[in-house]
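Each remark here refers to the structure printed beneath this line.
We did not get these values from a lab; they are worked out from the coordinates using the rules stated. Worth saying up front: this structure is predicted, and the values here are computed from it rather than measured. Cβ atoms come from the backbone with ideal geometry, glycine included; neighbour counts cover every protein chain shown.
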Amino acid sequence: MKINGVDPSKMIKLYSNAKQSVEKTDKVKKSDSIQISSLGKSLSTYSPDGNLVNSKEKIEKIKNEITSGTYKRDSKLVAAKIIEEMKKK
């Protein structure tokens, strides 16, 4: 029985080809993205209690109250909400 040896130059060539194909796939960069459907966008205008909320009007109202100096909020309520949020984390 005769066993022929493997030519080292063929092995090096095979290794080089395999290495190049791996390097090419490593260069591909993917990024995450998100798309919100029109239904999802329309649902964002509703509040948890089911009422339609127009955030632009709400923002304008708050801006006007701040400008006129009539914007007042209960400090105890604000503190309670801050504590509630801190407990969630």
Expected sort for 69-81, 31-43 on mean C-beta neighbours within 10 Å, highest first, is 69-81, 31-43
Once both label points are put 7 Å beyond Cα along the C-beta direction, the residue 35-residue 10 separation in nm becomes 5.0 nm
Over 30 Å between Cα atoms, which of 30/88; 30/56; 41/81; 10/30; 41/76; 61/81 qualify? 30/88; 30/56; 10/30; 41/76
